[in-house]
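The values are calculated or read from the model by the stated rules, or taken from the named source; none is laboratory data. All of these numbers come straight from a predicted model, not from anything done at the bench. Note: ideal-geometry Cβ built from the backbone for every residue, glycine included; neighbour counts use all protein chains shown.
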Amino acid sequence: MYFGWWIVLACSVIGFWGQGISHFGFTSLLKPIASELGFSRAATSVAASIVRLEGGLVFPVVGWVIDKFGPRWMVFAGALIIGLSLMLMNFVHSLWAFYLVWGILLGTGANIGLVLPLEKTITNWFVKKRGLALSIRHMFIGLAATVIIPLIAWLISMQGWRVTCVIAGGVMWIIGLPLAWFFVKQHRPEYYGLLPDGVTTEDAAEISQVIDRGVKYATEAEEIEFTLRQAMRTRAYWLLVVAYASFSIIPPVLVIHSMPFVTDMGIDPVKAGVMIGLMSICGTPGTFIGGFVADRCKKQHLRFLHAGAYFLQIIGFTAFLLRRTLAMVYPLFILHNLSMAIVAPLTGVITARYFGRKAFGSIRGTIMMFMLPVAVLAPIYAGWVYDTTGSYTNVFIVCLSLLTFSTIVISLASPPRLSGQVTDIHKIT
């Protein structure tokens, strides 16, 4: 089997546990931590915002480093730091310590190891099958929401949130460190005598010749290698920035506040975790739909697929706001998860198909940096609105407005044209 598929599996498992705990697990921990330590929901949500703030600051640097030197050490260091920070949560007794351990330390591990390096690794090894490869990774992340939210809720009910964090940290080391060391490769497959997607080539070929063949192979899929500067001169780059930044309010609100939102309706925490997990798994088919269609979609049509996925969430928010009952929570979360499952592989596919592989990390990193203000303020804003009004309704209205705007903007982001020459694959800026 083409080694790229083992890479996909390893990256998927690392993301499953790492992002499952750091991203989805926080919603199960929010109320127990706030209750024991006497924090408000807004104050507790600040820790998640610190993670996003730090991510926006470090993503451009991380992107440049993995483009220049490769992703393996970033993934390894990220897994090591995440495991350590989760174990240190056992000793947290104050707000500043909580922000330091979860916000800064765990945020550092998650931001340097779980997003850009894993996407870069998979993007390097696949071109025409990239949508499928990325969809497998994001399917595992979707399963993480299904499995880890109720698992964390159950562990908290049995052992408390402190022991739960220690267990989660130990598992991160056991899973993440060996997989990062043995399966996350530093370079493109061409450096190992292979071509993307498992296409065969002569074993005796020089590395430089294989690299040239890899570039030619990517060109057949309408993929041109932009540098970061060339990408930032295009209209498409800035439309993607605006669309993703506007949309970035949605995931923090619905992920971080999902458990408090549902339990406020009178649902037991463990049952609420199972309920949210089951609604999350409804999005799993969307992951393969997004990847399958993206691999067969012309580059100029990818934006419409993206806009269609956003529109699903518009339907969910509208349905809930028109009739705010427990029954309407189901279409809200199911359509959100289905939409996110479709969008997850698409963001990487569009970035790579529009701008190529060589500066993928730098380009994705700078785009994610511009998402920073909304992503940082979103969970704090949602917590503040609840603390002052006792409801999340006004938050959902804002989410719906920005979501509609993002849908329009992403549909206008047509593929860019390269102004200037295609440079060497080592020139990323």
Open item on the list: For Met1, only one of the following conditions fails: (1) touching a Ser or Thr at 6+ places or on another chain (Cβ under 9 Å); (2) of a type outside the set (Val, Ile, Thr); (3) not in a helix (DSSP H, G or I). What is its number?
Closed with: (1)
Task: Some residue of region 297-319 being farther than 24 Å from Ile367 by Cα, modelled with pLDDT of 85 or more and either of a type in the set (Val, Ile, Thr) or in contact with a strand residue (DSSP E or B) (Cβ under 8 Å, 6 or more places away or on another chain) (or both) - done: yes
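Conditions tested, residue by residue: (1) modelled with pLDDT of 90 or more; (2) in contact with a helix residue (DSSP H, G or I) (Cβ under 6 Å, 6 or more places away or on another chain); (3) not in a helix (DSSP H, G or I).
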{"site": "Trp17", "(1), (2), (3)": "yes, yes, no"}
{"site": "Ser28", "(1), (2), (3)": "no, yes, no"}
{"site": "Ser35", "(1), (2), (3)": "no, no, no"}
{"site": "Ala42", "(1), (2), (3)": "no, yes, no"}
{"site": "Val51", "(1), (2), (3)": "no, yes, no"}
{"site": "Leu57", "(1), (2), (3)": "no, no, no"}
{"site": "Val62", "(1), (2), (3)": "yes, yes, no"}
{"site": "Val65", "(1), (2), (3)": "yes, no, no"}
{"site": "Gly78", "(1), (2), (3)": "yes, yes, no"}
- [ ] State the number of residues belonging to region 11-43 that are surrounded by fewer than 24 Cβ atoms within 10 Å (Cβ to Cβ), more than 20 Å from Leu88 (Cβ to Cβ) and aliphatic (A, V, I, L, M).
- [x] 2
- [ ] May I ask you to say which residue of Ala77, Ala97 is over 15 Å from the mean Cα position of the chain (by Cα), surrounded by fewer than 23 Cβ atoms within 10 Å (Cβ to Cβ) and within 22 Å of Arg137 (Cα to Cα)?
- [x] Ala77
TODO: Could you pull out every one of the helices (runs of 4 or more DSSP H) wholly within region 177-275 that has 1 or more residues that are surrounded by 15 or more Cβ atoms within 10 Å (Cβ to Cβ) and within 20 Å of the chain's Cα centre (by Cα)?
DONE: 235-247, 250-256, 258-263
Open item on the list: Only one of Leu335, Leu312, Leu346 is in contact with a helix residue (DSSP H, G or I) (Cβ under 9 Å, 6 or more places away or on another chain), touching a residue at least 40 places away in the same chain (Cβ under 8 Å) and not polar (S, T, N, Q). Can you tell me which?
Closed with: Leu346
- [ ] Run Gly38 past the list (1) over 15 Å from the mean Cα position of the chain (by Cα); (2) touching a residue at least 60 places away in the same chain (Cβ under 8 Å) and report the number of the one that doesn't hold.
- [x] (2)
Open item on the list: Filter region 119-151 down to the residues that are part of a loop (DSSP other than H, G, I, E, B) and buried (at least 24 other Cβ atoms within 10 Å of the Cβ) and list them by number.
Closed with: Phe126, Val127
- [ ] Could you tell me whether Tyr330 is among the aromatic types (Phe, Trp, Tyr), under 17 Å from Val398 (Cα atoms) and assigned to a helix (DSSP H, G or I)?
- [x] no
TODO: Select from region 14-35 the residues that are under 14 Å from the mean Cα position of the chain (by Cα) and aliphatic (A, V, I, L, M) and write down the one among them that is farthest from Ser85 (Cα to Cα).
DONE: Ile14
Task: Test for Trp154: is it within 30 Å of Pro251 (Cα to Cα) and surrounded by fewer than 22 Cβ atoms within 10 Å (Cβ to Cβ) - done: yes
Task: Subset of region 44-65 that is β-branched (Val, Ile, Thr) and within 21 Å of Lys427 (Cβ to Cβ) - its residue that is surrounded by the fewest Cβ atoms within 10 Å (Cβ to Cβ) - done: Val61
Open item on the list: Cβ contacts < 9 Å: first residue within 17 Å of Thr123 (Cα to Cα), restricted to region 277-295; second residue surrounded by fewer than 18 Cβ atoms within 10 Å (Cβ to Cβ) and basic (Lys, Arg), any location; separation 6+ or different chain. Result?
Closed with: Asp295/Lys128
